[in-house]
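Colleague: Sending over a structure as structure tokens; questions will come in a sec.
The values are calculated or read from the model by the stated rules, or taken from the named source; none is laboratory data. Values in this document were obtained by computation on a predicted structure and should not be read as measured data. Here the Cβ positions follow ideal geometry from the backbone for every residue, glycine too, while neighbour counts run over all protein chains shown. Accessible surface is based on the protein model in full, side chains and every heavy atom, while ligands, DNA and RNA are left aside. Shrake-Rupley method; radii C 1.70, N 1.55, O 1.52, S 1.80 Å.
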Amino acid sequence: MDGVKPVCTPLGSNVKIQKGGTERFKDPTFYRSVVGALQYLHLTRLDISVAVNKVCQYMHDPFVEHWELFKRILRYLKGTADYGLYLNSAKGFSLHAYSDADWDGSLDDRRSTSGYCIYFGGNFISWSARKQKTTSKSSTEAEYRGVAIATSDLIWIQSLLMELGVLSTTPIL
């Protein structure tokens, strides 16, 4: 895949991946091996975490469509090899969080995915993106669940900062 054309996103817009497909992948062991390597890479490349999560959901029974998604992630990585997180000196001790959810995003079980990121003093310190444990009846309910998950992490981080003697302002969500 060295000579492939890079893409600007790890997932195509409006891509919906599901459990089944047109044709089973011929070597599931190889699929598990290369997708497992992506799991280690996503620890330092947060921008691919949702896409890696998608390909990992089908490790037990991969189809050709899942392999195509894996190859798209590689094409994205080729074009973004110089991306990274930058830390700046803190301009204050404020906590800010951003949260979002996609209602009914999974075609397999109809559960929503919610995610959040938390900044401390302008620096990115915590994030999460995962399927919600229950099925939401509306987009509003999915968003509220996402905010609740982010709020619990904010409260934990604020209590940790207080134990460390760092006084932060009230978190903003």
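Colleague: At 0.890 mPa s and 25 °C, plugging the Kirkwood radius over alpha-carbon pairs of the stretch 1-89 into Stokes-Einstein gives what diffusion coefficient in µm²/s?
Modeller: Translational D for this selection: 179 µm²/s.
Colleague: What are the residues whose amide H is under 5 Å from the amide H of SER126, where those residues sit 5 or more places off or on another chain and H is modelled from the backbone?
Modeller: Amide H to amide H, under 5 Å and 5 or more residues apart or across chains, SER126 pairs with ILE118.
Colleague: Further, regarding this structure: Tell me, what ³J(HN,Hα) does each residue in the stretch 32-38 have, in order and in whole Hz, if you take phi through Karplus 6.51 cos²θ - 1.76 cosθ + 1.60 with θ = phi - 60° and put x for Gly and Pro?
Modeller: In residue order, the calculated couplings are 4, 5, 6, 5, x, 5, 5 Hz.
Colleague: Oh, and also: Starting from the Kirkwood radius over alpha-carbon pairs of the chain, derive D by Stokes-Einstein at 37 °C in a medium of 0.692 mPa s and give it in µm² s⁻¹.
Modeller: 182
Colleague: Separate question: Explain nothing, just compute: Karplus ³J(HN,Hα) = 6.51 cos²θ - 1.76 cosθ + 1.60, θ = phi - 60°, for every residue of the stretch 9-18 in order, whole Hz, x for Gly and Pro.
Modeller: Listing the rounded values in order: 9, x, 10, x, 5, 6, 7, 10, 9, 10 Hz.
Colleague: For THR22 and ALA129, what is the calculated FRET efficiency with R₀ set at 35 Å and r taken between the beta-carbons, to the nearest 0.05? Mind dumping the intermediate values first?
Modeller: Details: r = 28 Å, r/R0 = 0.79.
Efficiency, from the Cβ-Cβ distance: 0.80.
Colleague: What is the angle, in °, between the Cα long axis of helix 139-163 and the longest principal axis of the Cα atoms in the chain? Nearest 10 is fine, range 0 to 90.
Modeller: Computed tilt is about 50 degrees.
Colleague: Can you work out the accessible area per residue across the chain, with the rest of the protein chains kept in place, probe 1.4 Å, in square angstrom?
Modeller: Result: 62 Å² of accessible area for each residue.
Colleague: Something else now. Of the accessible area of the stretch 1-129, with the probe set at 1.4 angstrom, what percent is carbon plus sulfur?
Modeller: Accessible surface attributable to carbon and sulfur in the stretch 1-129 totals 55 percent.
Colleague: Right, next: Within 10 Å, Cβ to Cβ, of LYS78, how many net charges do the neighbouring residues add up to if Lys/Arg are +1 and Asp/Glu are -1?
Modeller: Neighbour charge sum, excluding LYS78 itself: +1.
Colleague: About the Cα centre of the chain, how large is the charge dipole given +1 on each Lys and Arg Cβ and -1 on each Asp and Glu Cβ? Please answer in debye to the nearest 20.
Modeller: In total the dipole reaches around 280 debye.
Colleague: Just need the relative contact order of the chain here, percent rounded to a whole number, with Cα pairs under 8 Å and 6+ apart.
Modeller: On the way: 257 pairs, mean separation 36.1, N = 173.
For the chain, the relative contact order is 21 percent.
Colleague: What ranking do 156-169, 138-151 get when scored by the average of other Cβ atoms within 10 Å per residue, highest first?
Modeller: Highest mean packing first, the order is 138-151, 156-169.
Colleague: Give me, ordered by chain and number, the residues 5 or more places off PHE63 or on other chains with an amide H under 5 Å from its own placed amide H.
Modeller: Long-range HN contacts for PHE63: PHE25.
Colleague: Ok, one more. Taking amide H positions as placed 1.01 Å from N in the peptide plane, with prolines and chain starts having none, which residues 5 or more places from VAL7, or on another chain, fall under 5 Å of its amide H?
Modeller: Correct list: TYR76, GLY79.
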